[in-house]
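J.: What follows is a single structure, and I will ask about it in a moment.
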Amino acid sequence: MNTHAEGAPVAQPESFAFTAENIERAKAHIAKYPKGRQQSAVLPLLDLAQRQSGGWLPLAAMHAVADMLEMPRIRVYEVASFYTMFNLRPVGRYLLQACTTTPCWLRGSDAVVAACESKLGIGVGGTSADGLFTLVEVECLGGCVNAPILQVNDDFYEDLDGASTEALIDALRAGKTPPPGTVLARQGSAPIKGKTTLTLMPEPPAMQAALLPGAAGETAKETGDAG
Ligand code: FES
């Protein structure tokens, strides 16, 4: 199960209105497109609506977007139900998106998912009893170089295993936000065991050495010039 329409019916708020700040943001997105093509702004407006609604898209929010862009509601539903980054049912404060595509799977995503499930007492698609966490399984997040990846809201946590996933959940539950990125002692995507190339300064080739300041040839040339 994902955070789309499957499952029990969701209690829907009766209305939705963009905040004054989000109206300005929406207008800025709409202004990027030619007159009459304002519907092209549907994705960023849905994103704004989802963030304002606490991480999911109620029907009323989709209707507000449709009205603002003067497009049929069904066209907005089509977009929102196609892209998995839009959630059509409520999610926890922390949306945990575990990548289980091949590179992450080969690097241990099973342990990441198992740690989430056991720590939170839920399965994939579930929300923890305290309402803090929702766990979903996703396809490649584009961070394979530091697999396995767990996306938490907008942040990537990388190079995880079971223990580091549990520690991450403990920190989030305690209200802390660990720095995103790799949990290993490496810089970005640099090799875990340090550099494997360009580790030594090579001896300069003979011709290059001859041209270096202070080289014998240059000294001889200077001497000759002086004479
Ligand atoms: S396979 Fe997980 S980030 Fe690409």
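J.: How compact and how long is the chain, expressed as Rg and Dmax of its alpha-carbon atoms in Å?
T.: That works out to 27.0, 98 Å for Rg and Dmax.
J.: Three principal axis extents, largest first, for the C-alpha atoms of the range 118-167, in Å?
T.: Reported extents, whole Å, longest axis first: 33, 21, 17.
J.: Which cysteines in the chain lack any other cysteine whose Cβ sits under 4.7 Å from their own Cβ?
T.: For the chain, the answer is Cys116, Cys140, Cys144, because their Cβ atoms have no other cysteine Cβ under 4.7 Å.
J.: Tilt of helix 216-226 relative to the longest C-alpha principal axis of the chain, in degrees (0 to 90, nearest 10)?
T.: With both axes taken from Cα atoms, the answer is about 60 degrees.
J.: How many angstrom lie between the Cα centre of the range 58-99 and the Cα centre of the range 172-203?
T.: Using only Cα atoms to place each centre, the spacing works out to 36 Å.
J.: Report the residue, chosen from Leu150, Leu198, Leu95, that carries the largest GNM mean-square fluctuation when the chain is represented by alpha-carbon nodes joined by springs under 10 Å.
T.: Its mean-square fluctuation being the largest, the pick is Leu198.
J.: Still on this model: Two-decimal Rg/Rh of the range 20-82 from alpha-carbon positions, Kirkwood Rh? Write out the running numbers ahead of the final one.
T.: Values: Rg = 10.7 Å, Rh = 11.5 Å.
Ratio value, two decimals: 0.93.
J.: Charges on Cβ only, +1 for Lys and Arg, -1 for Asp and Glu, centred on the Cα centroid of the range 20-82; of Ser53, Ala66, Ala41, which one is farthest towards the dipole's positive end?
T.: Ala41
J.: For an R0 of 45 angstrom, estimate the FRET efficiency from the Cβ-Cβ distance between Ala174 and Ala210 and round to the nearest 0.05.
T.: Taking R0 as 45 Å, the efficiency between Ala174 and Ala210 is 0.10.
J.: Loop sites only, by DSSP: take the trypsin sites (Lys or Arg not before Pro) in the chain that have at most 16 other C-beta atoms within 10 Å and name the longest stretch containing none of them.
T.: Details: sites that count: Lys32, Lys35, Arg37, Arg93, Lys176, Arg186, Lys193, Lys195.
Counting only loop sites that pass the neighbour cut-off, the longest clear stretch is 94-175.
J.: Please report, in debye to the nearest 20, how large the charge dipole of the chain is about its Cα centre when each Lys and Arg carries +1 at its beta carbon and each Asp and Glu carries -1 there.
T.: That gives the chain a dipole magnitude of about 480 debye.
J.: Treating the angle as unsigned and between 0 and 90°, give the value, to the nearest 10°, between the Cα long axis of helix 42-52 and the longest Cα principal axis of the chain.
T.: Around 80 degrees separate the two axes.
J.: Using Stokes-Einstein with the Kirkwood hydrodynamic radius over Cα pairs, what translational diffusion coefficient do you get for the range 94-182 at 25 °C and a viscosity of 0.890 mPa s, in µm²/s rounded to a whole number? Write down the numbers at each step before the final one.
T.: Working: Rh = 12.5 Å.
The Stokes-Einstein estimate is 196 µm²/s.
J.: Between Ser40 and Met85, 0.36 nm times their residue separation minus their Cα-Cα distance comes to what?
T.: Length gained, Ser40 through Met85: 14.5 nm.
J.: Also, I was wondering about something else. Lys and Arg at +1, Asp and Glu at -1: add these up for the other residues within a Cβ distance under 15 Å of Leu43 and post the number.
T.: Summing Lys/Arg as +1 and Asp/Glu as -1 gives +3.
J.: Could I ask something else about it? So how tilted is helix 162-173 from the main axis of the chain? Cα-based, degrees 0 to 90, rounded to 10.
T.: Roughly 60 degrees between the two axes.
J.: Among DSSP beta bridges lying fully in the chain, give the percent that are antiparallel, nearest 5.
T.: Counting DSSP beta bridges with both partners in the chain, the antiparallel share is about 45 percent.
J.: For the chain, what is the calculated [θ] at 222 nm in deg cm²/dmol (nearest 500), taking -39500 (n - 2.57) for each run of four or more DSSP H residues and dividing by its residue count?
T.: -11500 deg cm²/dmol
J.: Need the full-extension length gain, Ile23 to Trp105, defined as separation in residues times 0.36 nm minus the C-alpha distance. One decimal, nm.
T.: 25.4 nm
J.: Rank these for me by crowding, Val65, Val42, Val152, going from fewest to most other beta carbons within 10 Å.
T.: Val152, Val42, Val65
J.: Mind listing which GluC sites (Glu not before Pro) in the range 59-165 are in a DSSP loop and have 15 or fewer other Cβ atoms within 10 Å?
T.: Of the GluC sites (Glu not before Pro), the ones in loops of the range 59-165 whose Cβ has at most 15 other Cβ atoms within 10 Å are Glu70, Glu139.
Laboratory data are not the source of any read-out in this text; all were calculated from the coordinates shown. Remember, it's a predicted structure, so these values are computed and weren't measured experimentally. Glycine also receives a Cβ, built like all others from the backbone with ideal geometry; neighbour counts cover every protein chain displayed.
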